[in-house]
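One structure below.
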Amino acid sequence: MASSEVDTSSGVAGRYATALFELAKEEKALDQVAADLARFSETLDAFEDLRRLVRSPVFSAEEQGRALEAILEKIKIEGLTRNFLLLAAKNRRLFATPDMIRAFRTMLAREHGETTATITSAAKLTETQITALKQALKAALHKEVMLDEKVDPALIGGLVVKVGSRMVDTSLRTRLNSLKVAMKEVG
């Protein structure tokens, strides 16, 4: 399920993220909510069963809510973030939580005078690679950069870096496709 750039002002994800952001700001809990959302996102990435629960329309809102409550308790997510995720389940919007989290991160970065870059790689990046990437982006953009990491094995190798509407695609898949098109034109 590929998602386009998150518009933080409209759409389901934007509306939910904006509401959460404003509540968290009011309660001076932005960093806590961001940490909770990061933990939930990592859990979502790690467990296929949880991704299925979140995405599948087969589960009722009640089933999603009960399962989510147990998961949130296990990963120690409480308070505002817990209530937010349970509300999303109750309203049948759990499928949009990855986009909601991205939108929230974008708003938080803006609040902190940072920018968010979406990095898609063929394999999970090491801490050394992430640090080097952040430094390179900071030098190019002249501001702090928060990374939203994604893994797509279909890229084969290389990276796709997206900041706002700008995208740099150095993936091996794209290079091979370009070569394939060039060879067809010659033949």
How many residues does the range 39-66 contain that are of a type in the set (Gly, Ala, Ser), loosely packed, with under 13 Cβ neighbours inside 10 Å and assigned to a helix (DSSP H, G or I)? 1
Kindly provide the set of residues from the range 98-123 that are of a type in the set (D, E, K, R) and within 14 Å of the chain's Cα centre (by Cα), ordered by number. Asp99, Arg102, Arg105
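Okay, residues lined up against (1) among the polar types (S, T, N, Q); (2) part of a loop (DSSP other than H, G, I, E, B); (3) over 30 Å from Pro57 (Cβ atoms):
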{"residue": "Phe95", "(1), (2), (3)": "no, no, no"}
{"residue": "Asp99", "(1), (2), (3)": "no, no, no"}
{"residue": "Met107", "(1), (2), (3)": "no, no, no"}
{"residue": "Arg110", "(1), (2), (3)": "no, no, yes"}
{"residue": "Gly113", "(1), (2), (3)": "no, yes, yes"}
{"residue": "Gln129", "(1), (2), (3)": "yes, no, yes"}
{"residue": "Leu147", "(1), (2), (3)": "no, no, yes"}
Starting from residues that are farther than 28 Å from Ala35 by Cβ and of a type in the set (Val, Ile, Thr), keep the ones in the range 139-181 and report whichever is farthest from the chain's Cα centre (by Cα). Val181
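Every residue, every condition in (1) at pLDDT below 90; (2) aromatic (Phe, Trp, Tyr); (3) surrounded by 15 or more Cβ atoms within 10 Å (Cβ to Cβ), yes or no:
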| position | (1), (2), (3) |
| --- | --- |
| Glu111 | no, no, no |
| Gln129 | no, no, no |
| Leu147 | yes, no, yes |
| Arg166 | yes, no, no |
| Ser171 | yes, no, yes |
| Thr174 | yes, no, no |
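The values are calculated or read from the model by the stated rules, or taken from the named source; none is laboratory data. From a predicted model like this one, the values you see are computed outputs, not experimental measurements. With ideal geometry, Cβ positions are generated from the backbone for all residues, glycine too; neighbour counts draw on all protein chains shown.
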